[in-house]
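Let me begin by presenting the structure, written as structure tokens, before commenting on it.
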Amino acid sequence: MSKLGALSKGLAAVLLACAVTPAMSQTTQQEHVHHMSHSVMPFDMSKTLHIFKMTERGGVLRVVAREAGASDQIALIQQHLKHEAGMVQKGDYGDPAKLHGATMPGLKELQEGASRIKVQYAALPNGAEITFETPDLHLLTAVHRWFGAQLSEHGADAKAE
């Protein structure tokens, strides 16, 4: 094989690796979130579903058991979301940052603007939810960006509503 032929094959391999890497990294991040979720959340991700609903004033993060009557999972969801609501109201987004990374979209703004975001926890028959509301357009955008990042990274463990 000529030097030019070898160089062409090498260049093609590099270009192929560059083209494939972004798709692989997203799958890797989704797998990372699914497998590492137990370090942040006490419930089983494969038995629950995260639902993200963006609203005109913020959004609603709901976590529900996939199977009706899964009382063990429902209790863990409620315990966790109640704790998280109290933490994020103070601007402590440490658990989401631990799982998704400290640079996830919207996170810095939410931490800094916590006093201007109303956070409300509610237990549901099949899980729980946290409502985020703000009149601040900058923080509203941050909530939506943060929800979008989580929705993407949770993959099959989440859906938009």
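The table that follows gives values for the structure above.
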read-out	value
Packing-based ranking, highest mean first, of 144-152, 117-125 given that Cβ atoms within 10 Å are counted	144-152, 117-125
Unit Cα scatterers, Debye sum, segment 113-158: log10 I(q)/I(0) for q = 0.16, 0.32 Å⁻¹	-0.55, -1.05
Ordering of 69-77, 57-65 by packing [mean C-beta count within 10 Å, highest first]	57-65, 69-77
In nm, spacing of pseudo-spin labels at Gln120 and Ser46 (7 Å Cα→C-beta vector)	3.7
Lys108-Thr55 pseudo-label distance in nm [points 7 Å out on the Cα-to-Cβ vector]	2.8
Candidate residues His50, His138: accessible-area rank, largest first, probe 1.4 Å	His138, His50
Label-point separation, Thr141 to Lys90 (7 Å along Cα→Cβ), nm	3.0
Restricting segment 38-129 to GluC sites (Glu not before Pro) in coil, as DSSP defines it, with at most 13 other Cβ within 10 Å	Glu56, Glu67
Note, ³J(HN,Hα) from phi for segment 55-68, Karplus 6.51, -1.76, 1.60, rounded to Hz, x at Gly and Pro	10, 5, 10, x, x, 10, 9, 10, 10, 10, 6, 5, 10, 4
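The values are calculated or read from the model by the stated rules, or taken from the named source; none is laboratory data. Note that the structure is a prediction, hence the values are computed from the model and not measured. Here the Cβ is made from the backbone with ideal geometry for all residues, glycine too, and neighbour counts use every protein chain on show. The area values use the complete protein model at the heavy-atom level, side chains included, leaving out ligands, DNA and RNA. Shrake-Rupley method; radii C 1.70, N 1.55, O 1.52, S 1.80 Å.
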